[in-house]
Amino acid sequence: MSLSDPLGDMLTRIRNAQRARHAACVAPASKLRASVLEALKREGYIRGFAVEEIRKGISQIRIELKYTDGDPVIKEIHRVSRPGRRVYSKIKELPRVYAGLGVSILSTPRGVLSDAEARAANVGGEVLCRVF
């Protein structure tokens with residue numbers, strides 16, 4: 001089956017798994033998905049992830065979800081830039097998510113970064129998603 005928005009699919013899998021209180025979820029692997037998950041791990045929204053090879057040439061990512069006192073750490077996770085509408089932001093115009101309590105994940109020339117890392121590096125880019 002072909003997906004038009006693979007990153008949006010992964011974010012929906014995470015959202016659904018946390019609502020069902022699963023400890024982990026699985027998504028097809030790609031470099032972009034792994035980069036976004038690495039940024040989420042650095043920011044403390046997930047425990048970790050691992051790329052598992054199912055068979056030659058086909059891999060999946062196992063995402064370990066994080067909970068505090070039984071509540072999911074990720075309250076909201078939204079896709080901002082979609083295939084039909086790309087959203088780019090200069091670093092000076094990048095809005096803060098929930099007054100700095102949340103995080104935006106950006107695809108920049110220096111790789112996939114959180115909004116705080118992008119501000120420190122002084123680079124803008126495509127706003128992939130917002131997490132709170």
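The values are calculated or read from the model by the stated rules, or taken from the named source; none is laboratory data. Please read all numbers here as calculations on a predicted model, not as lab measurements. Positions of Cβ are generated from backbone atoms using ideal geometry, with glycine treated the same way; all protein chains shown enter the neighbour counts. All accessible areas refer to the heavy atoms of the entire protein, side chains included, with ligands and DNA or RNA removed. Shrake-Rupley method; radii C 1.70, N 1.55, O 1.52, S 1.80 Å.
Using helices alone, I'd like the mean residue ellipticity at 222 nm for the chain: each DSSP H run of four-plus residues gives -39500 (n - 2.57), total over residue count, nearest 500.
Calculated mean residue ellipticity at 222 nm is -8000 deg cm²/dmol.
With a 1.4 Å probe and every protein chain left in place, work out the accessible area per residue of the chain in Å², rounded to a whole number.
On a per-residue basis, 58 Å².
Filter the trypsin sites (Lys or Arg not before Pro) in segment 1-106 to those in DSSP coil with at most 13 other Cβ atoms within 10 Å of their Cβ, and list the result.
R21, K56, K75, R86, K90, R96
Assign one of three labels to segment 48-126, namely rounded, prolate or oblate, based on the Cα gyration tensor with a ≥ b ≥ c the square roots of its eigenvalues; rounded applies when a/c is under 1.5, prolate when it is not and a/b is larger than b/c, and oblate otherwise.
oblate
H78 accessible area, nearest 10 Å², 1.4 Å probe?
100
Taking square-rooted eigenvalues a ≥ b ≥ c of the alpha carbon gyration tensor, is the chain rounded, prolate or oblate, where a/c under 1.5 means rounded and, failing that, a/b exceeding b/c means prolate?
Working: a/c = 1.77, a/b = 1.28, b/c = 1.38.
Taking the square roots of the gyration eigenvalues as a ≥ b ≥ c, the chain is oblate.
Sorted by accessible area with a 1.4 angstrom probe, largest first, how do D115, D9, D71 fall?
Final ranking, largest accessible area leading: D71, D9, D115.
For a quick check: with amide H placed at 1.01 Å from N, whose amide H comes under 5 Å from L94's, ignoring anything fewer than 5 positions away on the same chain?
Under 5 Å from the amide H of L94: no residue qualifies.
With θ set to phi - 60°, apply the Karplus curve 6.51 cos²θ - 1.76 cosθ + 1.60 along segment 100-106 and write out the HN-Hα couplings as whole Hz, x wherever there is a Gly or Pro.
Each residue of segment 100-106 in turn: x, 7, x, 9, 9, 9, 10 Hz.
I need the GluC sites (Glu not before Pro) found in segment 1-80, filtered to DSSP loop residues with at most 14 other beta carbons within 10 Å of theirs.
Of the GluC sites (Glu not before Pro), the ones in loops of segment 1-80 whose Cβ has at most 14 other Cβ atoms within 10 Å are E76.
How do Y88, Y67 stack up against each other in accessible area, from largest to smallest, with a 1.4 angstrom probe?
My answer, sorted largest first, is Y88, Y67.
Please enumerate, by chain and number, the lysines with C-alpha under 17 Å from the C-alpha of K31, excluding those fewer than 8 residues away in the same chain.
K31 reaches K41, K56.
Sticking with the crude label model, points 7 Å out along Cα→Cβ, report the distance from D5 to H78 in nm, one decimal please.
1.2
If amide H atoms are built 1.01 Å from N in the plane of the peptide, which residues on other chains or at least 5 residues away come under 5 Å of the amide H of V80?
Hits under the 5 Å cutoff: C129, R130.
Report in % the part of the accessible area of the chain that belongs to carbon and sulfur, leaving out ligands and nucleic acids; probe 1.4 Å.
49
Apply the Karplus curve 6.51 cos²θ - 1.76 cosθ + 1.60, θ = phi - 60°, to the phi angles in segment 16-22 and return the couplings in whole Hz, x for Gly and Pro.
Couplings: 5, 5, 6, 5, 8, 6, 6 Hz.
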